[in-house]
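Please read the structure below before turning to the comments.
The values are calculated or read from the model by the stated rules, or taken from the named source; none is laboratory data. Model, not experiment: these values are computed from the prediction. With ideal geometry, Cβ positions are generated from the backbone for all residues, glycine too; neighbour counts draw on all protein chains shown. For accessibility, only protein heavy atoms count, side chains too; no ligands or nucleic acids. Shrake-Rupley method; radii C 1.70, N 1.55, O 1.52, S 1.80 Å.
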Amino acid sequence: NRADAEFSDNASSLLKSILIMLYRHAPEAFPFEENSISSTVQLIKQRIESDLTQDETLEELAAHFHISRYYLAHCYKQITGYSIKNYRMLCRIAAAREMLTSSSLSVSEICDRIGFSNMSNFSRYFKKELGVSPLKYRALHRNHS
């Protein structure tokens, strides 16, 4: 019933507010494992690296690990030096470089395998990061091998 749902929501909000105030007043009363956020960041990094085609949002990752998206974004950047989105893109570009130099896959196939939604975005981002197009990168690398 609607009254019960409203009561439950209000009680939940009130409890969260009380816990936040208590934590702000006496954080030592809330023992947290000091490296828990570091291990969470490492798990997220592994998750990104293991499947480049996944495009989990910050909100989805935060919900999965039961932490605030703002806290996750802040800690991830503080620990890795990159936002989650930028880290994912750097991993994709690194994988593309490897595939361009060690496989005969077409640029389009590589684009699909690393999770870019279209060739135009992939080529533009690749060129922005490396200064050359994926085809030019492949040609330059093969000329120097």
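Which value at 222 nm does the chain reach when only helices count, each DSSP H run of 4 or more adding -39,500 (n - 2.57), with the total divided by all residues and rounded to the nearest 500 deg cm²/dmol?
Working: 8 runs with 107 residues, N = 145.
So the calculated ellipticity at 222 nm is -23500 deg cm²/dmol.
If you sort the three axes of the alpha carbon gyration tensor as a ≥ b ≥ c, you get a/c of 1.5 or more for the range 1-133 and a/b above b/c, which makes it prolate. For LYS128 and HIS64, a Förster radius of 30 Å and the Cβ-Cβ distance give a FRET efficiency of 0.50, rounded to the nearest 0.05. In the context of the full set of protein chains, residues of the range 1-71 present 82 Å² of accessible surface per residue (probe radius 1.4 Å, heavy atoms only). Rounded, prolate or oblate for the range 41-94? Axes are the square roots of the Cα gyration tensor eigenvalues, ordered a ≥ b ≥ c, and the cut-off for rounded is a/c under 1.5. Oblate.
Let a ≥ b ≥ c be the square roots of the eigenvalues of the Cα gyration tensor of the range 64-109; is it rounded (a/c under 1.5), or, if not, prolate (a/b larger than b/c) or oblate? In terms of gyration-tensor shape, prolate. In the chain, taking the dipole from charged Cβ atoms about the Cα centre, the farthest positive-side position among PHE7, MET99, THR40 is held by MET99. Phi angles of the range 9-21 translate, via the Karplus equation with coefficients 6.51, -1.76, 1.60 and θ = phi - 60°, into HN-Hα couplings of 4, 5, 5, 4, 4, 5, 4, 4, 4, 4, 4, 5, 5 Hz per residue; Gly and Pro are given as x.
For the range 88-93, 3J(HN,Hα) computed residue by residue from phi via the Karplus equation (6.51, -1.76, 1.60; θ = phi - 60°) reads 4, 5, 5, 5, 5, 5 Hz, glycine and proline entered as x.
In square nanometres and to one decimal, what's the mean projected area of the convex hull around the Cα atoms of the range 70-138? Over every viewing direction, the Cα hull of the range 70-138 projects on average to 4.9 nm².
For the chain, carbon and sulfur atoms together expose 54% of the accessible surface, with a 1.4 angstrom probe and every protein chain in place. Taking the charge dipole of the chain about its Cα centre, with +1 at Lys and Arg Cβ atoms and -1 at Asp and Glu Cβ atoms, the residue from ALA63, ILE84, PHE126 reaching farthest to the positive side is PHE126.
What is the chain's relative contact order, in percent, from Cα pairs under 8 angstrom and six or more apart in sequence?
Computed value for the chain: 17 percent relative contact order.
Basic side chains Lys and Arg get +1 at the Cβ, acidic Asp and Glu get -1 at the Cβ, and with that the dipole of the chain about its Cα centre reaches some 940 debye.
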